[in-house]
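What follows is a short report on a single structure.
The values are calculated or read from the model by the stated rules, or taken from the named source; none is laboratory data. Quick caveat: nothing in here was measured; it's all calculated off a predicted structure. Here the Cβ positions follow ideal geometry from the backbone for every residue, glycine too, while neighbour counts run over all protein chains shown. Heavy atoms of the whole protein, side chains included, go into the accessibility calculation; ligands, DNA and RNA do not. Shrake-Rupley method; radii C 1.70, N 1.55, O 1.52, S 1.80 Å.
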Amino acid sequence: MKNANGIIRRLGVTSKYKGYFFVTDAINLAMNYHNKPIKITKDMYPYLASKYKTTPMNIEHNIRTVINVCWEKNKKGMDEIAGYPLADKPTNSEFVDMIAYYLAEEDTDFI
């Protein structure tokens, strides 16, 4: 069984990036609330900002940085996780949703 940390590391991001912790927490939140719509800007960013004593804008920026690093270092891995070739770099919410879905499906042995 893989987890968010393992996937993010496989995509080329280590814990030297602040966004590493933010994005793994966001993925875990998305997995816990998969039956409810969750708004990344209204729900996740403020929650994570409070948890890490920073601002929602900082959370958004650092997650975007993680996505940029993943895109540059392992686009092929991102395509594999998405299940199709990505034409464009995913947005923060697309990235979180993509990995949460991948991990949830992996846990059910669907793939």
Exercise for review: Give me the accessible area of M31, 1.4 Å probe, in Å² rounded to the nearest 10.
Suggested key: 50
Exercise for review: Please list 68-75, 5-12, 50-57 highest first by mean number of surrounding beta-carbon atoms within 10 Å per residue.
Suggested key: 5-12, 68-75, 50-57
Study note, to complete from the structure: Contact order relative to length for the chain, counting C-alpha pairs under 8 Å separated by 6 or more residues, stands in percent at 36
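State in Å² the accessible area per residue of segment 59-98; use a 1.4 Å probe, count heavy atoms of protein chains only, and round to the nearest integer.
Per-residue value: 54 Å².
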Exercise for review: Could you tell me whether segment 34-81 comes out rounded, prolate or oblate from its Cα gyration tensor? Rule is a ≥ b ≥ c as square roots of the eigenvalues, rounded for a/c under 1.5, then prolate if a/b exceeds b/c, otherwise oblate.
Suggested key: oblate
Check your understanding: Calculated FRET efficiency, K53 and T14, Cβ-Cβ r, R0 30 Å, to nearest 0.05?
Key -> 0.85
Point to revise | Relative compactness, the chain, computed as alpha-carbon Rg over 2.2 N^0.38 Å | key: 0.99
Review point. Magnitude of the Cβ-charge dipole of the chain, K/R +1 and D/E -1, about the Cα centre, nearest 20 debye?
Key: 560
Practice item. Determine how large the accessible area of S93 is when every protein chain is in place; take a 1.4 Å probe and give Å² rounded to the nearest 10. Key: 60
